[in-house]
Amino acid sequence: MSHVTNKTIQRVYEILEGTTNDKITKSFQIFIITLIAVNVLVVIVETEESVLDEYGYLFTPFEVFSVIVFTVEYVGRILVYKLNPKYNNSKFGLARLLVSPMMLVDLAAILPFFLPFVVTDTRFIRIIRLLRLFRLFKLSRYSEPMQTLGIVFKSKAGDLAVAFFILFIVLIFASSLMYHAEHEAQPEVFSSIPASMWWGIVTLTTIGYGDVYPVTVPGKLIAAGVAVIGIAVYAIPTGIMASAFTEELRHKREQKNNTCPHCGKDISEK
């Protein structure tokens, strides 16, 4: 009996974590991906009142079904966590699992259904229901492109932090200069440095909505310089991400070429 139970737990772990490529595992992944996609689509289309009035009666049963599936998946991962090499040798393995990014995403995917039972504030419930969009992030478990994106962000987190710190310094400097140049001419628009930051963000990103702009000669000169600098500043994180994606894709391609398609073992040394 114990052997059968252990075998079942092992099989559940393989299906949930996708450690095998059999039909059941692939079918489960396709089912979850499809369910997540439809959930996100429902969150979007139900904001159309005409669609909600005509098909709203279908949304509640579908939401209940989705929450049941996601809850079973969440609980299942907790029950088989000891088979995961990341957590089985740790004293606080379960705690580490529960606070891991993907488990928090899984929790956020099911909480919006249960919280309205204990929260009665209508405005808060609307915000909670919007959290259902977090189900989109569950795709990172099953989508290789999203996994690649996560790896790239993680590997270049330090470089991106430096790039955005530079951007923040430029934003403060530009907003401060514009405040002093335009405050007397437009006291309502450039009322303070924090208020001027809206202009700084719009200009540095080269969006230029046109709702806030300088009218004095010094202000126009500052704006021209900031617009040019903005192109250079935003090129830094863009270049970091582009090079990181190239490196990661090359690494995956090399790894794939050095892996046996039948057994999955490394054949680079053979």
Next item on the list: Select from the range 38-62 the residues that are without any contact (Cβ under 8 Å) to a residue 60 or more places away in the chain and either under 24 Å from the mean Cα position of the chain (by Cα) or surrounded by 12 or more Cβ atoms within 10 Å (Cβ to Cβ) (or both) and list them in ascending order.
Entry: Val38, Leu41, Val42, Ile44, Val45, Glu46, Thr47, Val51, Leu52, Tyr55, Phe59, Phe62
Notebook entry, point to check: Of all the residues that make up the range 163-191, how many are touching a residue at least 24 places away in the same chain (Cβ under 8 Å), closer than 10 Å to Gly219 by Cβ and not hydrophobic (A, V, I, L, M, F, W, C)?
Noted result: 2
Check: Looking at Ile172, is it assigned by TED's automatic domain parsing to the domain that holds Glu73 and either part of a helix (DSSP H, G or I) or of a type in the set (Asp, Glu) (or both)?
Finding: no
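To keep it simple, each residue is scored yes or no on (1) modelled with pLDDT of 90 or more; (2) assigned to a helix (DSSP H, G or I); (3) exposed (fewer than 11 other Cβ atoms within 10 Å of the Cβ).
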position: Ala195; (1), (2), (3): yes, yes, no
position: Trp199; (1), (2), (3): yes, yes, no
position: Gly208; (1), (2), (3): no, no, no
position: Pro218; (1), (2), (3): yes, yes, no
position: Leu221; (1), (2), (3): yes, yes, no
position: Ala235; (1), (2), (3): no, yes, no
position: Glu254; (1), (2), (3): no, yes, no
position: Cys263; (1), (2), (3): no, no, yes
position: Glu269; (1), (2), (3): no, no, yes
Notebook entry, point to check: In this structure, does Gly56 turn out to be of a type outside the set (Lys, Arg) and modelled with pLDDT under 90?
Noted result: yes
Next item on the list: Could you list, in sequence order, all residues of the range 144-162 that are free of Cβ contacts under 8 Å to residues at least 40 places away in the same chain and either outside any helix (DSSP H, G or I) or among the β-branched types (Val, Ile, Thr) (or both)?
Entry: Val162
Notebook entry, point to check: Looking at this structure, is Pro85 over 22 Å from the mean Cα position of the chain (by Cα) and either under 20 Å from Arg141 (Cα atoms) or aliphatic (A, V, I, L, M) (or both)?
Noted result: yes
Checklist line | Long-range neighbours under 7 Å by Cβ, at least six apart or interchain, first residue assigned by TED's automatic domain parsing to the domain that holds Ala181 within the range 192-204, second of a type in the set (Phe, Trp, Tyr) | finding: Ser192/Tyr179; Ile193/Tyr179; Ser196/Tyr179; Ser196/Phe190; Val202/Tyr209
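Does Ile68 satisfy the condition of being part of a helix (DSSP H, G or I), among the β-branched types (Val, Ile, Thr) and surrounded by 13 or more Cβ atoms within 10 Å (Cβ to Cβ)?
No, not satisfied.
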Item checked: Options Phe173, Phe165; residue that is among the aromatic types (Phe, Trp, Tyr), surrounded by fewer than 18 Cβ atoms within 10 Å (Cβ to Cβ) and within 27 Å of the chain's Cα centre (by Cα) -> Phe165
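The values are calculated or read from the model by the stated rules, or taken from the named source; none is laboratory data. Owing to the predicted nature of the structure, the values given are computational and were not obtained by experimental measurement. No Cβ is skipped: glycine too gets one built from the backbone with ideal geometry, and neighbour counts run over all protein chains shown.
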